[in-house]
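Chemist: Sharing a structure below in structure tokens format, with a few things to ask.
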Amino acid sequence: MNHATATAAELAADHDFIRWVKYPTHDSTSYWSQFAELHPEKAQEMAEARQLVLLLSQEQADDQSCDEEVEFVWEQLQEAIEQDREHGKNGGRIISLWGYTRTTWLSAAAFIILLLVSAALLFSLQKTEPVTYATAYGEKRIVQLSDKSVIVLNANSSITIPEKWEKDKPRIVELSGEAFFSVTQQANGQQFIVNTSKGTKINVLGTEFNVYDRGPEDRVVLASGKVMLSATQNGETRQIAMQPGDLVTVSAGSGLSQRRVDPDLYTAWQHNKVYFDNYTLREVGALIEQQYGYKVEFGGQELSRQRITAFLEVKTPEDILNTLAETFELKITQQENTIYISSL
């Protein structure tokens, strides 16, 4: 929830706000105090929301204090009714309730507010908007999830997760691009599932692994722990139980393949290093396109099919291009957003 745009009723139905009002801690008090300073225009909504929380959670209040709080709710209802009257002048139908006694109104007011806030709370529990974290070209980002798991996003990548984890359901992450996952194991054995845009599914308990979801294939490298990878191709689902050091490639053309690798080489991008594992120059060009946003063109198919194996420290695409130029004696030029590579 965006607290800065929330109404009083939405704040009163917010879990974090309720916990702060009923069971304040140093951290929660610090957060809401800072929020109040940054958003002085929300002072009235915060006061109203606080009163609603106290009213609806009150269990052993005497009649006098209860009446005072209901009086506050009463005043707010009066304002709302006046606003409804104004709207009614434009053709809206108004049902008069002024024949009832004030005591009846007070009881009804408390009951109505209880229904409204309960409905808002139920709605907030049922409808949660997904949250997306993304990186631009040439950018990396570290995301810590609410379960203490950590995700490192490579350039031009994104993950989408629910706003809140449900304890009795798997933690599901939708990935596009490339990311490194360090997943915390939960006491209740709650699963952690990563879905790629091409349908590859990685089922985890507690481990570290890298997922590459670009171009025509998915690649998963397991650094530690254990994961179960599943992929469906031509209507058939295959599963592979991965061990640390396994690399599994999922390709529409060649299906699933598995081999042993050094995981550090495939996760080195977190530290501004890149490993080309017998890459064609076309594959190197694709990496530059995907991570830095350039278009790469080669002067002939034979040149683009040449292969390279290298482990480089890379801070800019020029670091990669200079290595290619020196290794293969190439001429590299750039016009606007397009890089041209040709033989000397």
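Any read-out appearing in this document is the output of simple, stated calculations on the displayed coordinates, not a laboratory observation. Note that the structure is a prediction, hence the values are computed from the model and not measured. For neighbour counting, all protein chains shown are included, and Cβ atoms are generated from backbone atoms with ideal geometry for every residue, glycine included.
Chemist: For the stretch 175-303, what relative contact order do you get, as a whole percent, if you take Cα pairs closer than 8 Å and at least 6 residues apart?
Modeler: Relative contact order here is 16 percent.
Chemist: Would you mind getting me the FRET efficiency between HIS39 and GLN144? Use the beta-carbon distance for r and R0 = 22 Å, nearest 0.05.
Modeler: That gives a FRET efficiency of 0.35.
Chemist: What ³J(HN,Hα) values, in whole Hz, does the Karplus curve 6.51 cos²θ - 1.76 cosθ + 1.60 give for the stretch 10-18 when θ = phi - 60°, with x put for Gly and Pro?
Modeler: In residue order, the calculated couplings are 5, 4, 5, 9, 7, 4, 5, 5, 4 Hz.
Chemist: Further question on the same structure: Specify the inter-centroid distance of the stretch 126-169 and the stretch 188-217, based on alpha-carbon positions, in whole Å.
Modeler: 13
Chemist: Any idea how far the Cα center of the stretch 221-287 sits from the one of the stretch 1-51, in Å?
Modeler: With the stretch 221-287 and the stretch 1-51 each reduced to a Cα centre, they are spaced 45 Å.
Chemist: According to a simple spin-label model (label point 7 Å from Cα along Cα-to-Cβ), what is the distance in nm between GLN233 and ARG307?
Modeler: So the label points at ARG307 and GLN233 sit 1.9 nm apart.
Chemist: For LYS198, give me every one of the lysines with a C-alpha distance below 25 angstrom, ignoring sequence neighbours fewer than eight places off in its own chain.
Modeler: Partners within reach: LYS140, LYS164, LYS169, LYS226, LYS295.
Chemist: I'd like the GluC sites (Glu not before Pro) in the stretch 164-236 restricted to DSSP loop residues with at most 15 other Cβ atoms within 10 Å, sorted by number.
Modeler: GLU166
Chemist: Evaluate the charge dipole of the stretch 131-266 about its Cα centre and quote only its size in Debye, nearest 20, assuming +1 on the Cβ of each Lys and Arg and -1 on the Cβ of each Asp and Glu.
Modeler: With Lys and Arg at +1 and Asp and Glu at -1, about 140 debye.
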